[in-house]
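Asks: Handing you a structure now.
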Amino acid sequence: NKNMCVLGFTEHGFRHTELTAQTAYRILTELGFSQREAELAAIAGYLHDIGNVVARNHHYHTGAIIAMGLLRELGMDENEVAEVVSAIGNHDEETGHPVSNISAAVILADKADVHRSRVSNQDFATFDIHDRVNYAVEQSTLEIDPENRIITLRLRIDTSIGRVLEYFEIFLLISSNFR
């Protein structure tokens, strides 16, 4: 998180990783997936930004490699390691793809963490689109409708700070159905 703050990025610390892990777990649990799949989503959510310790560029790929080494060292089953690292490696909105239920849950959980408390830049005049979008969000709630398999992100946005469309400009993902 210190690296990210120095570079002017939004908060990427333990609060963000813990929330991403909890939300990814909640998504799969409430949609009726197995306990283990939800646990793997939580692990991937917790580790998804670990590559930022090296650099922001390609942090998703770097993070997948770091996580692979850690999880193998801890003795995790190779198939489960593959699930977790593919979710980490695919969570970036520009290059990633929801290649599994686990990766889809991590992508949604990561992008749902949008709120003004994440903005580390204190100079409003130098806000980039990520700062504006996060700072404009006064409240965010992720709702899961398991019966209809609909996940809704409700945002209360101060439109004098950021436009609703700006959120979609930086976080729009190709629609994905959970299998």
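Asks: Which of HIS12, HIS97, HIS58 moves most in a GNM of the chain, Cα contacts under 10 Å?
Replies: Of HIS12, HIS97, HIS58, the most mobile in the Gaussian network model is HIS58.
Asks: Candidates [x] 131, 36, 26; [y] 49, 41, 24; [z] 53, 37, 26; which is the computed Cα extents along the principal axes in Å?
Replies: [y]
Asks: Show that you can apply the helix-only estimate: for the chain, add -39,500 (n - 2.57) for every DSSP H stretch of four or more residues, divide by all residues, and state [θ] at 222 nm to the nearest 500.
Replies: Calculated at 222 nm, the ellipticity per residue is -15500 deg cm²/dmol.
Asks: On the accessible surface of the stretch 49-90, probed at 1.4 Å, how many percent belong to carbon and sulfur atoms?
Replies: Roughly 57 percent, rounded to a whole number.
Asks: Just name one of THR62, ALA82, PRO146: the one whose Cα is farthest towards the positive end of the charge dipole of the stretch 58-179 (beta-carbon charges, Lys/Arg +1, Asp/Glu -1).
Replies: It is PRO146, whose Cα lies furthest towards the positive end.
Asks: Work out the length of the dipole vector of the stretch 1-103 about its Cα centre, built from +1 on the beta-carbon of each Lys and Arg and -1 on the beta-carbon of each Asp and Glu, and round it to the nearest 20 debye.
Replies: Using only the charged Cβ atoms, the result is roughly 300 debye.
Asks: Next question. Alpha carbon centre of the stretch 68-87 versus the stretch 99-138: separation in Å?
Replies: If you average the Cα positions of each part, the centres end up 27 Å apart.
Asks: To the nearest 20 debye, what is the magnitude of the charge dipole of the stretch 85-161 about its Cα centre, counting +1 on the Cβ of each Lys and Arg and -1 on the Cβ of each Asp and Glu?
Replies: 140 debye
Asks: With +1 on each Lys and Arg Cβ and -1 on each Asp and Glu Cβ, how big is the dipole of the chain about its Cα centre, in debye rounded to the nearest 20?
Replies: 240 debye
Asks: Right, here's the next one. Taking a probe of 1.4 Å, how large is the accessible area per residue of the stretch 5-145, in Å²?
Replies: Value for the stretch 5-145: 46 Å² per residue.
Asks: OK, next. Note down the relative contact order for the chain as a percent, whole number, built from C-alpha pairs under 8 angstrom at least six residues apart.
Replies: RCO, the chain: 21 percent.
The values are calculated or read from the model by the stated rules, or taken from the named source; none is laboratory data. The structure displayed is predicted, hence computed values, not measured ones. Cβ: placed from backbone, ideal geometry, glycine included. Neighbour counts: every protein chain shown. Heavy atoms of the whole protein, side chains included, go into the accessibility calculation; ligands, DNA and RNA do not. Shrake-Rupley method; radii C 1.70, N 1.55, O 1.52, S 1.80 Å.
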